[in-house]
(Lines give C-alpha, C1' and ligand atoms only; values in the text may rest on other atoms or scores of the structure.)
Protein backbone atom coordinates (compact mmCIF):
# COMPACT_ATOMS: atom_id res chain seq x y z
CA UNK A 1 0.00 0.00 0.00
CA UNK A 2 2.84 2.37 0.83
CA UNK A 3 4.42 1.89 -2.58
CA UNK A 4 1.08 2.65 -4.27
CA UNK A 5 0.71 5.87 -2.27
CA UNK A 6 4.28 6.89 -3.17
CA UNK A 7 3.54 6.23 -6.84
CA UNK A 8 0.40 8.35 -6.69
CA UNK A 9 2.35 11.18 -5.05
CA UNK A 10 5.01 10.95 -7.73
CA UNK A 11 2.43 11.05 -10.52
CA UNK A 12 0.81 14.08 -8.91
CA UNK A 13 4.16 15.88 -8.74
CA UNK A 14 4.91 15.13 -12.40
CA UNK A 15 1.48 16.39 -13.41
CA UNK A 16 2.35 19.69 -11.74
CA UNK A 17 5.52 20.32 -13.66
CA UNK A 18 6.76 23.89 -13.70
CA UNK A 19 4.86 26.03 -16.20
CA UNK A 20 2.04 23.55 -16.92
CA UNK A 21 -0.67 25.54 -15.18
CA UNK A 22 0.52 28.73 -16.82
CA UNK A 23 0.35 27.11 -20.27
CA UNK A 24 -3.15 25.78 -19.57
CA UNK A 25 -4.27 29.23 -18.45
CA UNK A 26 -2.86 30.91 -21.56
CA UNK A 27 -4.46 28.26 -23.80
CA UNK A 28 -7.86 28.91 -22.20
CA UNK A 29 -7.48 32.68 -22.64
CA UNK A 30 -6.52 32.28 -26.30
CA UNK A 31 -9.47 29.93 -26.87
CA UNK A 32 -11.89 32.51 -25.43
CA UNK A 33 -10.16 35.24 -27.45
CA UNK A 34 -10.68 33.46 -30.79
CA UNK A 35 -14.25 32.39 -29.93
CA UNK A 36 -15.21 35.97 -29.05
CA UNK A 37 -13.47 37.29 -32.18
CA UNK A 38 -15.34 34.83 -34.41
CA UNK A 39 -18.57 35.69 -32.60
CA UNK A 40 -18.11 39.41 -33.26
CA UNK A 41 -17.33 38.75 -36.93
CA UNK A 42 -20.43 36.58 -37.29
CA UNK A 43 -22.65 39.15 -35.56
CA UNK A 44 -21.22 41.92 -37.74
CA UNK A 45 -22.29 40.15 -40.94
CA UNK A 46 -25.61 39.12 -39.40
CA UNK A 47 -26.79 42.73 -39.30
CA UNK A 48 -26.82 42.78 -43.12
CA UNK A 49 -29.53 40.13 -43.23
CA UNK A 50 -33.02 41.23 -44.29
CA UNK A 51 -34.65 43.62 -41.82
CA UNK A 52 -37.53 41.20 -41.43
CA UNK A 53 -35.70 39.83 -38.36
CA UNK A 54 -38.06 40.14 -35.43
CA UNK A 55 -37.48 42.19 -32.31
CA UNK A 56 -36.34 39.22 -30.18
CA UNK A 57 -33.58 38.38 -32.67
CA UNK A 58 -32.39 42.00 -32.64
CA UNK A 59 -32.31 42.00 -28.83
CA UNK A 60 -30.35 38.73 -28.80
CA UNK A 61 -28.04 40.18 -31.45
CA UNK A 62 -27.32 43.22 -29.29
CA UNK A 63 -26.84 41.15 -26.12
CA UNK A 64 -24.42 38.77 -27.82
CA UNK A 65 -22.53 41.70 -29.34
CA UNK A 66 -22.01 43.22 -25.88
CA UNK A 67 -21.03 39.83 -24.39
CA UNK A 68 -18.53 38.95 -27.11
CA UNK A 69 -17.21 42.52 -27.04
CA UNK A 70 -16.49 42.30 -23.31
CA UNK A 71 -14.83 38.88 -23.64
CA UNK A 72 -12.78 40.06 -26.61
CA UNK A 73 -11.63 43.21 -24.78
CA UNK A 74 -10.72 41.35 -21.58
CA UNK A 75 -8.81 38.56 -23.31
CA UNK A 76 -7.02 41.05 -25.57
CA UNK A 77 -5.94 43.02 -22.50
CA UNK A 78 -4.78 39.87 -20.69
CA UNK A 79 -2.79 38.62 -23.69
CA UNK A 80 -1.26 42.08 -24.14
CA UNK A 81 -0.17 42.17 -20.49
CA UNK A 82 1.24 38.62 -20.69
CA UNK A 83 3.11 39.52 -23.89
CA UNK A 84 4.63 42.63 -22.29
CA UNK A 85 5.64 40.59 -19.23
CA UNK A 86 7.27 37.93 -21.41
CA UNK A 87 9.21 40.55 -23.37
CA UNK A 88 10.32 42.22 -20.13
CA UNK A 89 11.43 38.88 -18.64
CA UNK A 90 13.35 38.07 -21.81
CA UNK A 91 15.10 41.46 -21.85
CA UNK A 92 15.79 41.14 -18.10
CA UNK A 93 17.42 37.75 -18.65
CA UNK A 94 19.40 38.68 -21.75
CA UNK A 95 20.52 42.17 -20.72
CA UNK A 96 20.93 41.86 -16.96
CA UNK A 97 20.96 38.28 -15.64
CA UNK A 98 23.16 36.93 -18.46
CA UNK A 99 25.82 39.62 -18.21
CA UNK A 100 29.45 38.61 -17.76
CA UNK A 101 30.66 37.76 -14.26
CA UNK A 102 34.08 37.86 -12.64
CA UNK A 103 34.76 36.83 -9.03
CA UNK A 104 37.30 39.48 -8.08
CA UNK A 105 37.07 38.65 -4.38
CA UNK A 106 35.37 35.60 -2.79
CA UNK A 107 31.96 36.64 -1.42
CA UNK A 108 29.55 34.23 0.24
CA UNK A 109 26.54 36.53 -0.23
CA UNK A 110 26.74 36.04 -4.01
CA UNK A 111 25.85 32.36 -3.64
CA UNK A 112 22.80 30.31 -2.76
CA UNK A 113 23.97 27.17 -1.01
CA UNK A 114 23.13 24.18 1.14
CA UNK A 115 25.72 22.74 3.50
CA UNK A 116 28.90 24.36 4.80
CA UNK A 117 30.60 27.14 2.87
CA UNK A 118 33.42 29.53 3.76
CA UNK A 119 36.37 31.59 2.51
CA UNK A 120 40.02 30.55 2.61
CA UNK A 121 41.79 33.91 2.76
CA UNK A 122 45.21 32.39 2.21
CA UNK A 123 44.10 30.68 -1.01
CA UNK A 124 41.75 33.57 -1.92
CA UNK A 125 39.11 30.92 -2.61
CA UNK A 126 35.67 29.72 -1.53
CA UNK A 127 35.34 26.23 -0.07
CA UNK A 128 32.25 24.02 0.07
CA UNK A 129 31.65 20.77 1.95
CA UNK A 130 28.89 18.60 3.45
CA UNK A 131 26.57 19.83 0.69
CA UNK A 132 24.10 17.36 -0.81
CA UNK A 133 22.54 20.02 -3.06
CA UNK A 134 25.51 22.32 -3.77
CA UNK A 135 25.81 26.05 -4.35
CA UNK A 136 25.16 28.39 -7.28
CA UNK A 137 25.45 32.07 -8.21
CA UNK A 138 22.48 34.19 -7.24
CA UNK A 139 20.37 36.04 -9.81
CA UNK A 140 22.37 34.84 -12.81
CA UNK A 141 21.58 32.57 -15.75
CA UNK A 142 23.16 31.77 -19.07
CA UNK A 143 22.31 29.62 -22.06
CA UNK A 144 25.53 29.91 -24.08
CA UNK A 145 28.66 30.88 -22.18
CA UNK A 146 32.25 30.07 -21.27
CA UNK A 147 33.08 29.37 -17.63
CA UNK A 148 36.68 29.64 -16.45
CA UNK A 149 37.82 28.82 -12.91
CA UNK A 150 40.42 27.09 -10.81
CA UNK A 151 39.42 24.30 -8.44
CA UNK A 152 40.89 21.58 -6.27
CA UNK A 153 39.37 18.79 -4.21
CA UNK A 154 40.46 18.13 -0.67
CA UNK A 155 40.69 14.35 -1.01
CA UNK A 156 40.11 11.54 -3.49
CA UNK A 157 36.31 11.80 -3.40
CA UNK A 158 36.10 14.57 -6.01
CA UNK A 159 33.42 17.23 -6.52
CA UNK A 160 30.68 18.34 -8.90
CA UNK A 161 30.46 21.21 -11.42
CA UNK A 162 26.90 22.52 -11.77
CA UNK A 163 25.45 24.25 -14.83
CA UNK A 164 22.01 25.24 -16.14
CA UNK A 165 21.07 25.57 -12.45
CA UNK A 166 17.42 26.47 -11.82
CA UNK A 167 17.68 26.12 -8.05
CA UNK A 168 19.26 23.71 -5.56
CA UNK A 169 17.01 20.86 -6.74
CA UNK A 170 17.13 21.39 -10.51
CA UNK A 171 20.39 21.37 -12.49
CA UNK A 172 22.92 19.47 -14.60
CA UNK A 173 26.20 18.40 -13.05
CA UNK A 174 29.54 16.95 -14.13
CA UNK A 175 30.99 14.80 -11.34
CA UNK A 176 34.77 14.39 -11.20
CA UNK A 177 36.38 11.69 -9.10
CA UNK A 178 40.15 11.10 -9.15
CA UNK A 179 40.91 7.93 -11.08
CA UNK A 180 37.31 7.46 -12.28
CA UNK A 181 35.25 8.29 -15.34
CA UNK A 182 33.58 11.65 -15.60
CA UNK A 183 29.81 11.30 -15.13
CA UNK A 184 26.91 13.61 -15.88
CA UNK A 185 23.96 14.01 -13.53
CA UNK A 186 20.51 15.45 -14.13
CA UNK A 187 18.76 16.42 -10.92
CA UNK A 188 15.15 17.25 -10.11
CA UNK A 189 13.24 17.23 -6.83
CA UNK A 190 12.15 13.71 -7.80
CA UNK A 191 15.53 12.09 -8.36
CA UNK A 192 18.71 11.76 -10.45
CA UNK A 193 19.77 10.49 -13.81
CA UNK A 194 23.37 9.29 -13.71
CA UNK A 195 25.41 8.20 -16.75
CA UNK A 196 28.95 6.83 -16.56
CA UNK A 197 29.87 6.74 -20.23
CA UNK A 198 32.19 9.76 -20.41
CA UNK A 199 35.99 9.59 -20.60
CA UNK A 200 38.16 9.71 -17.53
CA UNK A 201 39.75 12.98 -16.42
CA UNK A 202 42.64 12.44 -14.07
CA UNK A 203 42.84 14.91 -11.20
CA UNK A 204 44.81 14.67 -7.99
CA UNK A 205 43.71 15.73 -4.54
CA UNK A 206 45.00 19.01 -3.09
CA UNK A 207 46.15 20.28 -6.47
CA UNK A 208 44.82 23.31 -8.34
CA UNK A 209 43.56 22.75 -11.89
CA UNK A 210 42.41 25.16 -14.58
CA UNK A 211 38.88 24.42 -15.77
CA UNK A 212 36.97 25.71 -18.79
CA UNK A 213 33.36 24.75 -19.37
CA UNK A 214 31.74 25.82 -22.65
CA UNK A 215 27.95 25.69 -23.05
CA UNK A 216 26.51 26.10 -26.55
CA UNK A 217 22.93 24.94 -26.91
CA UNK A 218 22.93 21.26 -25.96
CA UNK A 219 26.66 20.89 -26.53
CA UNK A 220 28.89 20.93 -23.45
CA UNK A 221 32.69 20.94 -23.57
CA UNK A 222 34.79 20.54 -20.45
CA UNK A 223 38.52 21.28 -20.51
CA UNK A 224 40.74 20.43 -17.56
CA UNK A 225 44.33 21.38 -18.32
CA UNK A 226 45.02 19.32 -21.48
CA UNK A 227 42.00 16.99 -21.12
CA UNK A 228 38.93 17.75 -23.24
CA UNK A 229 35.51 16.07 -23.03
CA UNK A 230 32.64 16.98 -25.37
CA UNK A 231 29.11 15.92 -24.58
CA UNK A 232 25.62 16.54 -25.99
CA UNK A 233 22.83 16.85 -23.46
CA UNK A 234 19.95 14.45 -24.24
CA UNK A 235 16.45 15.64 -25.12
CA UNK A 236 14.96 13.61 -22.28
CA UNK A 237 16.19 11.90 -19.13
CA UNK A 238 15.22 8.84 -17.13
CA UNK A 239 15.35 9.14 -13.36
CA UNK A 240 17.29 5.95 -12.68
CA UNK A 241 17.81 7.05 -9.06
CA UNK A 242 14.39 8.34 -7.89
CA UNK A 243 14.04 9.76 -4.40
CA UNK A 244 10.71 7.94 -3.98
CA UNK A 245 10.38 4.18 -3.45
CA UNK A 246 8.75 2.91 -6.65
CA UNK A 247 7.04 -0.43 -7.09
CA UNK A 248 7.35 -1.27 -10.80
CA UNK A 249 4.34 -3.58 -10.58
CA UNK A 250 2.14 -0.58 -9.76
CA UNK A 251 3.12 1.34 -12.91
CA UNK A 252 0.70 1.05 -15.82
CA UNK A 253 2.01 0.02 -19.23
CA UNK A 254 0.84 3.25 -20.90
CA UNK A 255 2.69 5.57 -18.52
CA UNK A 256 6.33 6.62 -18.37
CA UNK A 257 6.41 8.62 -15.16
CA UNK A 258 10.18 8.50 -14.71
CA UNK A 259 11.04 9.97 -18.14
CA UNK A 260 11.24 13.77 -18.18
CA UNK A 261 12.07 16.27 -20.94
CA UNK A 262 15.32 18.19 -20.69
CA UNK A 263 13.83 21.63 -20.07
CA UNK A 264 16.88 23.27 -18.47
CA UNK A 265 17.60 25.72 -21.32
CA UNK A 266 19.01 28.49 -19.15
CA UNK A 267 20.53 28.54 -15.70
CA UNK A 268 23.26 29.57 -13.31
CA UNK A 269 26.50 27.76 -12.48
CA UNK A 270 27.93 26.35 -9.27
CA UNK A 271 29.60 23.49 -7.40
CA UNK A 272 28.73 20.50 -5.21
CA UNK A 273 30.68 18.65 -2.53
CA UNK A 274 28.55 16.15 -0.60
CA UNK A 275 29.40 14.07 2.42
CA UNK A 276 33.14 14.10 3.12
CA UNK A 277 33.96 15.88 -0.15
CA UNK A 278 35.44 19.37 -0.02
CA UNK A 279 36.07 21.61 -3.02
CA UNK A 280 37.93 24.92 -3.27
CA UNK A 281 37.28 27.26 -6.22
CA UNK A 282 38.65 30.66 -7.24
CA UNK A 283 39.29 32.97 -10.22
CA UNK A 284 35.79 32.30 -11.54
CA UNK A 285 34.86 34.11 -14.75
CA UNK A 286 31.79 33.66 -16.96
CA UNK A 287 31.53 35.27 -20.40
CA UNK A 288 28.86 34.98 -23.06
CA UNK A 289 29.64 33.17 -26.29
CA UNK A 290 29.91 35.22 -29.48
CA UNK A 291 27.35 34.07 -32.06
CA UNK A 292 29.75 33.67 -34.99
CA UNK A 293 29.52 30.96 -37.60
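Give me the pairs, please: first residue somewhere in the stretch 108-132 and at positive phi, second residue anywhere and surrounded by 17 or more Cβ atoms within 10 Å (Cβ to Cβ), beta-carbon distance under 7 Å, and either six or more positions apart or on two chains.
Close Cβ pairs (under 7 Å, with a partner that is surrounded by 17 or more Cβ atoms within 10 Å (Cβ to Cβ)) amount to 115/128; 115/129; 115/131; 124/106; 124/282; 130/115.
Yes or no, residue by residue, for (1) within 30 Å of residue 166 (Cβ to Cβ); (2) at pLDDT 75 or above; (3) in the same structural domain as residue 70 (by TED's automatic domain parsing):
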position	(1), (2), (3)
13	yes, no, yes
16	yes, no, yes
36	no, yes, yes
39	no, yes, yes
43	no, yes, yes
47	no, no, yes
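Can you say whether residue 51 is modelled with pLDDT under 85 and touching a helix residue (DSSP H, G or I) at 6+ places or on another chain (Cβ under 9 Å), as far as the supplied structure shows?
Here the answer is no, as residue 51 does not meet what is asked.
Could you say which residue among 252, 283, 293 is modelled with pLDDT under 70 and either within 20 Å of residue 138 (Cα to Cα) or not assigned by TED's automatic domain parsing to the domain that holds residue 115 (or both)? Talk me through it step by step, then tell me what you get.
On the way: 252 fails: either within 20 Å of residue 138 (Cα to Cα) or not assigned by TED's automatic domain parsing to the domain that holds residue 115 (or both); 283 fails: modelled with pLDDT under 70.
Result of the check over 252, 283, 293: 293.
With the requirement that a residue be farther than 15 Å from residue 42 by Cβ and touching a helix residue (DSSP H, G or I) at 6+ places or on another chain (Cβ under 9 Å), what does the stretch 58-92 give you?
Answer for the stretch 58-92, where residues must be farther than 15 Å from residue 42 by Cβ and touching a helix residue (DSSP H, G or I) at 6+ places or on another chain (Cβ under 9 Å): 70, 73, 74, 75, 76, 78, 79, 82.
Taking only the stretch 131-150 into account, find how many residues are farther than 12 Å from residue 272 by Cα and in a strand (DSSP E or B).
Summing the residues that are farther than 12 Å from residue 272 by Cα and in a strand (DSSP E or B) in the stretch 131-150 gives 8.
The values are calculated or read from the model by the stated rules, or taken from the named source; none is laboratory data. Fair warning: this is a prediction, and the values are worked out from it, not measured in the lab. Please note: Cβ atoms are built from the backbone with ideal geometry, for glycine as well, and neighbour counts cover all protein chains shown.
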